[in-house]
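In what follows, a structure is listed as structure tokens, so that the remarks can point back to it.
The values are calculated or read from the model by the stated rules, or taken from the named source; none is laboratory data. What you see is a predicted model; the values in this text were computed from it and never measured. Heads up, the Cβs are rebuilt from the backbone with ideal geometry, glycines too, and the neighbour counts pull from every protein chain shown. In case anyone asks, the SASA skips ligands and DNA or RNA and just uses the protein heavy atoms, side chains included. Shrake-Rupley method; radii C 1.70, N 1.55, O 1.52, S 1.80 Å.
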Amino acid sequence: MDIEKIEVDDEWEWYIGQLFYKLIEKKSNINCVVELAPGFKYKIAYALERMNFKGILYIIDANSNVIEYVVNKYKQILPNAKIVGICKDFSDAIEDLPEKIDLFLANHVIDDMLIENYITKANYNRMFDQKEEGDKYLKLWESFANDDVNSEKIIENIFDSFKDFFDKKEINNIVISQYRSNLFFLGKDENVEKLVRKCFNKINLLINSDKNIQTLLDFYPFGDDERYLGKELLNNTQNEKNWLVGRPKRNK
């Protein structure tokens, strides 16, 4: 795969990065960061850039093409940080992480984790690399949403991975986003949202949430740019219900 030809909306990357920054800017002593499953994106790199991050960042993603791309991209944005790519599934990567983690970050990962667990790894990587998000993608989600037995099992497996991670590591801060995807604005996300929200809420049970998150999210990175002031957008990306911010309950 030619990673030089990957197309990314840099403005959107920067925008979401600023939301993460607002949620972590008051955190102190951030030297060890873990990011889960960025895909071919670099939103969190922009958040860490605002913090002048100079520590070590571990990036977990099971797709080798993703790891190759993001490690190179993050090194450009964060030249003073050490970037370590871990090409493994989340549950398998836990053993490669340090015992103490200052900050765990994950942007919009739950939908990818769900669908990855539903189909074979080979097919998932092919779909991910080729960005198949048309009717075939929607039909896959419809099938998944109607498969009650497997969907419950997969949600439980993902929950167990997060619980195992939180139990085994000393994590000081967590920020996880799961705003609704572009399919929401096309009116085609019903099946996705049904499963994603169930898994998201289950993971939330593992976290002692910070207070007043909405206050931090009520800001406008692009000022009066009307493209980023729409009610539907703000009620999605900048709504506290779509963010998990806090620390694991075991680390009170």
Take the cross-link list Lys168/Lys249; Lys54/Lys88; Lys27/Lys211; Lys168/Lys241; Lys136/Lys198; Lys26/Lys168 and give me the ones stretching past 21 Å between alpha-carbons. Lys54/Lys88; Lys168/Lys241; Lys136/Lys198; Lys26/Lys168
Among Ser181, Phe162, Tyr46 - extreme Cα towards positive end, dipole of the chain, charges at beta-carbon: Phe162
If you average the sequence gap of Cα pairs under 8 Å that are 6 or more apart and divide by the length of segment 1-82, what percent do you get for the contact order? 33
Under a plain spin-label model, where a point goes 7 Å from the Cα along Cα-to-Cβ, how far apart in nm are Phe219 and Glu99? 3.6
222 nm mean residue ellipticity, helices alone, for the chain (DSSP H n ≥ 4; -39,500 (n - 2.57); rounded to 500): -14500 deg cm²/dmol
Compute the relative contact order of the chain as a whole-number percentage, counting only Cα pairs closer than 8 Å that sit 6 or more residues apart in sequence. 19
Using a ≥ b ≥ c from the Cα gyration tensor of segment 161-221 (square roots of the eigenvalues), is it rounded, prolate or oblate, where a/c under 1.5 gives rounded and otherwise the larger of a/b and b/c decides, a/b for prolate? oblate
Sticking with the crude label model, points 7 Å out along Cα→Cβ, report the distance from Glu170 to Ser28 in nm, one decimal please. 1.8
Shape call for the chain from the C-alpha gyration tensor, a ≥ b ≥ c root eigenvalues: rounded (a/c under 1.5), prolate (a/b greater than b/c) or oblate? rounded
Leaving ligands, DNA and RNA out of it, work out the accessible area of Ser64 with a 1.4 Å probe and give it in Å² to the nearest 10. 70
In nm, to one decimal, how far is the modelled label at Ser209 from the one at Asp9, with both set 7 Å along Cα→Cβ? 2.6
With all protein chains in place and a 1.4 Å probe, Val8 shows an accessible area in Å² (nearest 10) of 40
